[in-house]
1. Of everything in segment 102-115 that's surrounded by 14 or more Cβ atoms within 10 Å (Cβ to Cβ) and in contact with a Gly (Cβ under 8 Å, 6 or more places away or on another chain), which residue is modelled with the lowest pLDDT?
2. Would a scan of segment 71-88 turn up a residue that is at pLDDT 85 or above, of a type in the set (G, A, S) and touching a Lys or Arg at 6+ places or on another chain (Cβ under 7 Å)?
3. Taking segment 129-161, which residues are more than 21 Å from the chain's Cα centre (by Cα) and either β-branched (V, I, T) or surrounded by fewer than 19 Cβ atoms within 10 Å (Cβ to Cβ) (or both)?
4. Given the conditions (1) at pLDDT below 90; (2) out of contact with any Phe, Trp or Tyr (no Cβ under 9 Å at 6 or more places or on another chain), which single one is not true for K124?
5. Going by the conditions given, is V126 crowded, with 17+ Cβ neighbours inside 10 Å, β-branched (V, I, T) and touching a residue at least 60 places away in the same chain (Cβ under 8 Å)?
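The values are calculated or read from the model by the stated rules, or taken from the named source; none is laboratory data. Quick caveat, the model's predicted, so the values are computed rather than measured. FYI the Cβ positions are ideal-geometry reconstructions off the backbone, even for glycines, and counts take in every protein chain you see.
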Amino acid sequence: MVEAKGIWYLYDGFEFVLKDLTFSVPDGQIVGVLGANGAGKTTLLKILAGLLPSKEMKNEPVRVLIDGKPVQENYGEIAFVSEAGSWFRDLTPQQFGAFLADFYPHFDMAYYEKLLKFFELEEKPVKTMSKGQKSRVEVAAGVAKRTKYLIMDEPFLGKDMFTRQDFMQLLAGSLTGEETIFITTHEINEIENFIDRALILQNGKLAADIMLDTLRESGHSLTEKMKEVMGYRKDGFTEFLRTGE
């Protein structure tokens, strides 16, 4: 289980990006972390992965616990997939995989090579690749670590629509059901049938916590719910042109 209690985060010289977020996620749940640009999605994922320290506020202890332990004690069970990339520029994909296999006890080299083939990645230094190709190396490496916790920050950047759809099917087919996944993306329609739950952030706060089964039973889509939570007005632009407000 992932337990987060009272998460605050402040970048120097700015207002708080995250404000008192509290939630828990049981094992095996797939969670979409959604919201507009600047809502704090990437910051939250980095805190959950132990890459950023949360702040203590109001004299209350801030806790981010993984299986009851501080996140820093569970690095070996966490894979963080980011658009920034964790690869080494001078290594080829195969060399990078060999490096990861020495550090992650469950690294699945056969599955990693399958992903490299699926993404049609050449065996050349990562530094010579396009942004989209680098993103593919990052995704393949993260998923192949076979960790209990998989945190994915915009994994679809640089991928066309058909590659994204194929990748979601490939990822879904490789899961055992025991993995806990956090994923943030703007491609909401493509993850709606993949995630179990959506945490919607707005202005640094948890604006909604939605179970997808309940949402489906209500006859609404995730996109519709997000528009409702975020106060989106379909006629907003027309009204602005008419009134200037």
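1. Here the residue is Y104.
2. Within segment 71-88 (the criterion being at pLDDT 85 or above, of a type in the set (G, A, S) and touching a Lys or Arg at 6+ places or on another chain (Cβ under 7 Å)), the answer is yes, since at least one residue qualifies.
3. Across segment 129-161, the qualifying residue is only S130.
4. With respect to (1) at pLDDT below 90; (2) out of contact with any Phe, Trp or Tyr (no Cβ under 9 Å at 6 or more places or on another chain), K124 is out only on (1).
5. Taking the combined requirement at face value, the residue does not satisfy it.
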